[in-house]
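Comments concern the structure below.
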Amino acid sequence: MTKTITLSQGNGGIENNELISKVFYKAFKNDILDKSEDAAIIEGGRLAFSTDSFTVTPLFFAGADIGKLAVCGTCNDLAMMGAKPKYLTCSVIIEEGFSVDELEHIVSSMQKELEVNGAQIVSGDTKVVPKGSVDKIFINTTGIGEILQSGISSNSITEDDIILLSRDIGCHGATIFASREGIELSSSLMSDCTSLYPTVKSLMDEGIYITAMRDATRGGVSAVLNEWAKQSNICIEVDETKISISDEVMGLCEILGFDAMSLANEGTFLLAVKKEEAGRAEQILKIFNKNASIIGKVTNLHPKKVIINSAWSTQRFLDMPSGELLPRIC
């Protein structure tokens, strides 16, 4: 590991995982943290607990802003553990000179998204720092949710499970990059930023027993699949043709050399369910997004690896993202 922090160590990929494991996990080691889930399961399995910080450039982009992102990010992490988001804290660090109108816009976006989740801000903190100390505004949200379905874990995936994807991928990362670089697109490309609890609730209400869920944020789908393969000591085989990528995202990837599988998402998640329930789970996901699909299966071919099966009957390994991807995307 490098002796100074680099941007690549915040990418959600190899370098990020190495930093977390060798510094934070090493210092704070405990049984709850070692499970490495989207949210900690506490109080005998009754509650889920998670925190996240948000520093995105630009603050406002097609489909969302940093306020909506801050609520979705933490609420989605709770939802991924089968929990209903209930209580959040909100801490902000604001740069001197920041627009009050923009701050009110951000706070309004947060409140609207809280209502979607049926959650509320119950505590917070505000700091104002000298100009140049931060880039406009940083937001941290911490959330507590009530577990509605227990036993969901990225450490419990087996060969009895099928892997599903909730929608097309890469929209958030592509939108942020296009907005940041001033790329004007004659299309409707926008961030996928949205609250996932309504979708998760529908799955649970329909009696779908969920093995694992994870939202594909930094590092994208590649990072989630590789994390699952390692955590559960399994091989995941993915059908490349089943992964939906919009023309706009694909176009940006081809022009700029990005891999859509590694682009960040903020309203897209992966789901592992038992084989007999996969078809029904896919139908429920399609109610929320027509591009939802069954994308893969669990095997023992190459434990701790992810294999992509292409349309031309070839196979390749899908590696964990590495290097500096898109900084400041969430």
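Overall, the accessible surface of the range 239-330 at a probe of 1.4 angstrom is composed of carbon and sulfur to the extent of 51 percent.
In terms of accessible area, using a 1.4 Å probe and ignoring ligands and nucleic acids, 197, 25, 87 rank largest first as 87, 25, 197.
Put simply, the amide H of residue 62, placed in the peptide plane, has neighbours under 5 Å in 191, leaving out anything fewer than 5 places away on its chain.
Counting only lysines at least 8 places from residue 131 when in the same chain, there are none with an alpha carbon closer than 16 Å to its own. Evaluated with a Cβ-only charge set (Lys, Arg +1; Asp, Glu -1), the range 1-45 carries a dipole of roughly 300 debye about its Cα centre, given to the nearest 20. Let me check against my output: what whole-number percent is the relative contact order of the range 211-330, with C-alpha pairs under 8 Å and at least 6 apart? That works out to 43 percent.
Using C-alpha pairs below 8 Å separated by at least 6 residues, the relative contact order for the range 1-82 is 21 percent. Taking Lys and Arg as +1 and Asp and Glu as -1, the other residues whose beta-carbon sits under 13 Å from that of residue 305 total 0. Under the convention that each Lys and Arg Cβ holds +1 and each Asp and Glu Cβ holds -1, the size of the dipole of the chain around its Cα centre is about 660 debye.
Rounded, prolate or oblate, given the Cα gyration tensor of the range 111-214, with a/c below 1.5 counting as rounded? Judged from the Cα gyration tensor, the range 111-214 comes out oblate (a/c at least 1.5, b/c at or above a/b). The lysines within cross-link reach of residue 290, meaning a Cα-to-Cα straight distance under 22 Å and a gap of 8 or more places when in the same chain, are 201, 242, 274, 275.
Between the helical axis of 171-180 and the longest alpha-carbon principal axis of the chain there is an angle of about 30 degrees. With contacts taken as Cα pairs under 8 Å at a separation of at least 6 residues, the chain carries a relative contact order of 24 percent.
Could you tell me which of rounded, prolate or oblate describes the range 64-142, using a ≥ b ≥ c as the square roots of the eigenvalues of the alpha-carbon gyration tensor, with rounded for a/c under 1.5 and, failing that, prolate when a/b is larger than b/c and oblate otherwise? Note, shape of the range 64-142 comes out prolate. Remark: the range 145-233 carries 34 Å² of accessible area per residue (probe radius 1.4 Å; ligands, DNA and RNA excluded).
For the chain, with a Gaussian network of springs between Cα atoms less than 10 Å apart, report the residue from 81, 204, 213 with the top mean-square fluctuation. Largest GNM mean-square fluctuation: 204. Taking the DSSP bridge list for the chain and keeping only pairs wholly inside it, about 75 percent are antiparallel.
In the context of the full set of protein chains, the range 1-111 has a per residue accessible area of 49 Å² (1.4 Å probe). Calculate what fraction, in whole %, of the accessible area of the range 91-194 sits on carbon and sulfur atoms when a 1.4 Å probe is rolled over the protein chains. Reported share for carbon and sulfur atoms: 50 percent.
The values are calculated or read from the model by the stated rules, or taken from the named source; none is laboratory data. The model shown is predicted, which means the values in this text are computed figures rather than measured ones. Neighbour counts run over all protein chains shown; Cβ positions are idealised from the backbone, glycine included. When the accessible area is computed, the model is the full protein with side chains, heavy atoms only, and any ligands, DNA or RNA have been set aside. Shrake-Rupley method; radii C 1.70, N 1.55, O 1.52, S 1.80 Å.
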